[in-house]
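A short write-up of the structure that comes next.
The values are calculated or read from the model by the stated rules, or taken from the named source; none is laboratory data. No experiment lies behind these values; they were computed from the predicted model shown. Glycine gets a Cβ as well: all are built from the backbone with ideal geometry, and neighbour counts include every protein chain shown.
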Amino acid sequence: MMILVDADACPVKEEVYKVAFRHAVPVTIVSNSPIRVPAHPLIARELVGSAFDAADDWIAERADAQTVVVTADILLADRCLKNGAAVLAPNGRPFTTASIGGAIATRAIMADLRAGGDVIGGPPPFSKTDRSRFLSALDETLLRLKRRG
(Lines give C-alpha, C1' and ligand atoms only; values in the text may rest on other atoms or scores of the structure.)
Protein backbone atom coordinates (compact mmCIF):
# COMPACT_ATOMS: atom_id res chain seq x y z
CA MET A 1 0.00 0.00 0.00
CA MET A 2 1.01 3.59 -0.53
CA ILE A 3 -0.37 7.12 -0.42
CA LEU A 4 0.29 9.54 -3.27
CA VAL A 5 -0.37 13.22 -2.56
CA ASP A 6 -0.99 15.83 -5.26
CA ALA A 7 0.82 18.26 -3.02
CA ASP A 8 1.20 21.71 -4.56
CA ALA A 9 -2.03 23.07 -3.05
CA CYS A 10 -2.86 20.29 -0.59
CA PRO A 11 -3.95 21.62 2.82
CA VAL A 12 -3.80 18.24 4.61
CA LYS A 13 -0.20 17.05 4.20
CA GLU A 14 0.38 17.03 7.97
CA GLU A 15 -2.75 14.91 8.44
CA VAL A 16 -1.53 12.47 5.76
CA TYR A 17 1.77 12.06 7.64
CA LYS A 18 -0.01 11.48 10.94
CA VAL A 19 -2.24 8.71 9.56
CA ALA A 20 0.54 7.19 7.46
CA PHE A 21 2.85 6.92 10.47
CA ARG A 22 0.09 5.22 12.50
CA HIS A 23 -0.52 2.65 9.74
CA ALA A 24 3.14 2.38 8.61
CA VAL A 25 2.18 3.22 5.02
CA PRO A 26 4.66 4.97 2.70
CA VAL A 27 3.75 8.41 1.34
CA THR A 28 5.02 10.17 -1.76
CA ILE A 29 4.54 13.93 -1.92
CA VAL A 30 4.36 14.88 -5.61
CA SER A 31 4.83 18.52 -6.59
CA ASN A 32 6.03 20.90 -9.27
CA SER A 33 8.03 22.96 -6.79
CA PRO A 34 10.11 21.99 -3.74
CA ILE A 35 8.04 21.25 -0.65
CA ARG A 36 9.51 20.52 2.76
CA VAL A 37 8.68 17.02 4.00
CA PRO A 38 9.52 15.31 7.28
CA ALA A 39 12.80 13.40 7.39
CA HIS A 40 11.25 9.97 7.85
CA PRO A 41 11.78 6.67 6.04
CA LEU A 42 8.07 6.46 5.12
CA ILE A 43 8.04 9.88 3.42
CA ALA A 44 9.39 10.52 -0.08
CA ARG A 45 9.26 13.63 -2.20
CA GLU A 46 8.96 13.57 -5.99
CA LEU A 47 9.70 16.83 -7.77
CA VAL A 48 8.28 16.46 -11.28
CA GLY A 49 9.08 19.78 -12.95
CA SER A 50 6.83 22.45 -14.36
CA ALA A 51 5.36 20.79 -17.45
CA PHE A 52 1.55 20.98 -17.64
CA ASP A 53 0.02 18.03 -15.75
CA ALA A 54 3.46 16.60 -14.87
CA ALA A 55 2.39 15.82 -11.28
CA ASP A 56 -0.94 14.40 -12.46
CA ASP A 57 0.78 12.17 -15.03
CA TRP A 58 3.32 10.91 -12.48
CA ILE A 59 0.58 10.06 -9.97
CA ALA A 60 -1.80 8.47 -12.49
CA GLU A 61 0.97 6.25 -13.88
CA ARG A 62 1.62 4.81 -10.40
CA ALA A 63 -1.89 4.63 -8.95
CA ASP A 64 -3.35 1.15 -8.59
CA ALA A 65 -5.67 -0.87 -6.36
CA GLN A 66 -3.23 -0.62 -3.41
CA THR A 67 -2.92 3.17 -3.64
CA VAL A 68 -4.72 6.02 -1.93
CA VAL A 69 -4.49 9.26 -3.91
CA VAL A 70 -5.12 12.58 -2.19
CA THR A 71 -6.14 15.28 -4.66
CA ALA A 72 -8.71 18.00 -5.28
CA ASP A 73 -8.19 17.61 -9.05
CA ILE A 74 -11.31 15.96 -10.48
CA LEU A 75 -9.68 14.90 -13.74
CA LEU A 76 -6.74 13.33 -11.88
CA ALA A 77 -9.22 11.59 -9.58
CA ASP A 78 -10.95 10.12 -12.65
CA ARG A 79 -7.66 8.82 -14.07
CA CYS A 80 -6.71 7.22 -10.74
CA LEU A 81 -10.14 5.63 -10.24
CA LYS A 82 -9.82 4.03 -13.68
CA ASN A 83 -6.58 2.43 -12.42
CA GLY A 84 -8.37 1.05 -9.35
CA ALA A 85 -7.01 3.51 -6.76
CA ALA A 86 -8.96 4.92 -3.83
CA VAL A 87 -9.16 8.70 -4.16
CA LEU A 88 -9.89 11.26 -1.43
CA ALA A 89 -10.35 15.00 -1.71
CA PRO A 90 -8.62 17.08 0.97
CA ASN A 91 -12.02 17.73 2.57
CA GLY A 92 -12.38 13.97 3.17
CA ARG A 93 -14.96 13.31 0.50
CA PRO A 94 -14.15 10.23 -1.53
CA PHE A 95 -14.22 10.26 -5.30
CA THR A 96 -15.87 7.05 -6.48
CA THR A 97 -16.72 5.53 -9.83
CA ALA A 98 -20.35 6.35 -9.04
CA SER A 99 -19.69 10.03 -8.24
CA ILE A 100 -16.91 11.01 -10.63
CA GLY A 101 -19.15 11.51 -13.69
CA GLY A 102 -21.27 14.06 -11.84
CA ALA A 103 -18.17 15.82 -10.51
CA ILE A 104 -16.71 16.09 -14.03
CA ALA A 105 -20.03 17.42 -15.38
CA THR A 106 -20.29 20.01 -12.60
CA ARG A 107 -16.69 21.06 -13.25
CA ALA A 108 -17.47 21.58 -16.94
CA ILE A 109 -20.62 23.59 -16.19
CA MET A 110 -18.76 25.83 -13.75
CA ALA A 111 -15.96 26.38 -16.29
CA ASP A 112 -18.54 27.37 -18.92
CA LEU A 113 -20.20 29.81 -16.51
CA ARG A 114 -16.84 31.39 -15.65
CA ALA A 115 -15.92 31.61 -19.34
CA GLY A 116 -19.21 33.41 -19.97
CA GLY A 117 -18.32 36.06 -17.40
CA ASP A 118 -20.55 34.85 -14.59
CA VAL A 119 -19.20 35.51 -11.11
CA ILE A 120 -19.94 32.28 -9.27
CA GLY A 121 -17.46 32.33 -6.41
CA GLY A 122 -15.28 29.45 -5.39
CA PRO A 123 -15.45 26.59 -2.98
CA PRO A 124 -16.17 27.29 0.68
CA PRO A 125 -13.15 27.98 2.90
CA PHE A 126 -11.33 24.92 4.23
CA SER A 127 -12.60 24.23 7.75
CA LYS A 128 -11.75 22.24 10.87
CA THR A 129 -14.65 19.95 9.97
CA ASP A 130 -13.05 19.27 6.57
CA ARG A 131 -9.74 18.45 8.27
CA SER A 132 -11.46 16.10 10.73
CA ARG A 133 -13.47 14.43 7.96
CA PHE A 134 -10.26 13.91 5.97
CA LEU A 135 -8.47 12.26 8.92
CA SER A 136 -11.37 9.84 9.42
CA ALA A 137 -11.74 9.10 5.71
CA LEU A 138 -8.04 8.39 5.20
CA ASP A 139 -7.95 6.13 8.25
CA GLU A 140 -11.05 4.21 7.05
CA THR A 141 -9.68 3.92 3.52
CA LEU A 142 -6.36 2.48 4.70
CA LEU A 143 -8.14 0.00 6.97
CA ARG A 144 -10.34 -1.10 4.05
CA LEU A 145 -7.31 -1.60 1.80
CA LYS A 146 -5.51 -3.60 4.52
CA ARG A 147 -8.51 -5.92 4.90
CA ARG A 148 -8.79 -6.37 1.14
CA GLY A 149 -5.08 -6.74 0.49
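Table for the structure above
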item	result
Test result for Ala98, part of a loop (DSSP other than H, G, I, E, B), closer than 18 Å to Ala137 by Cβ, at pLDDT below 90 and aliphatic (A, V, I, L, M)	yes
Residue tally, condition more than 15 Å from Ile3 (Cα to Cα), without any contact (Cβ under 8 Å) to a residue 40 or more places away in the chain and not in a loop (DSSP other than H, G, I, E, B), over the range 121-147	3
Residues of the range 8-43 satisfying the condition of being farther than 15 Å from Phe134 by Cα, surrounded by 14 or more Cβ atoms within 10 Å (Cβ to Cβ) and aliphatic (A, V, I, L, M)	Val25, Val27, Ile29, Val30, Ile35, Val37, Leu42, Ile43
Every residue from the range 51-73 that is surrounded by fewer than 17 Cβ atoms within 10 Å (Cβ to Cβ) and in a helix (DSSP H, G or I)	Ala54, Asp57, Glu61
Sole residue being modelled with pLDDT of 90 or more, surrounded by 15 or more Cβ atoms within 10 Å (Cβ to Cβ) and farther than 20 Å from Ala9 by Cα, chosen from Asn91, Asn83	Asn83
Top-ranked residue of the range 1-43 - restricted to ones that are more than 21 Å from Asp73 (Cα to Cα), hydrophobic (A, V, I, L, M, F, W, C) and outside any helix (DSSP H, G or I), ranked as farthest from the chain's Cα centre (by Cα)	Ala39
Test: residue in the range 109-129 that is closer than 27 Å to Lys82 by Cα and in contact with a helix residue (DSSP H, G or I) (Cβ under 9 Å, 6 or more places away or on another chain)	no
Test set (1) outside any loop (DSSP other than H, G, I, E, B); (2) under 11 Å from the mean Cα position of the chain (by Cα); (3) over 19 Å from Met1 (Cβ atoms) - Ala77 fails condition number	(3)
Test: Leu76 is aliphatic (A, V, I, L, M), touching an Asp or Glu at 6+ places or on another chain (Cβ under 6 Å) and surrounded by 14 or more Cβ atoms within 10 Å (Cβ to Cβ)	yes
Some residue of the range 107-120 being touching a residue at least 24 places away in the same chain (Cβ under 8 Å), under 29 Å from Ala20 (Cβ atoms) and assigned to a helix (DSSP H, G or I)	yes
Candidate set from the range 35-55 (those that are of a type in the set (D, E, K, R) and modelled with pLDDT of 95 or more); member that is nearest to Phe21 (Cα to Cα)	Arg45
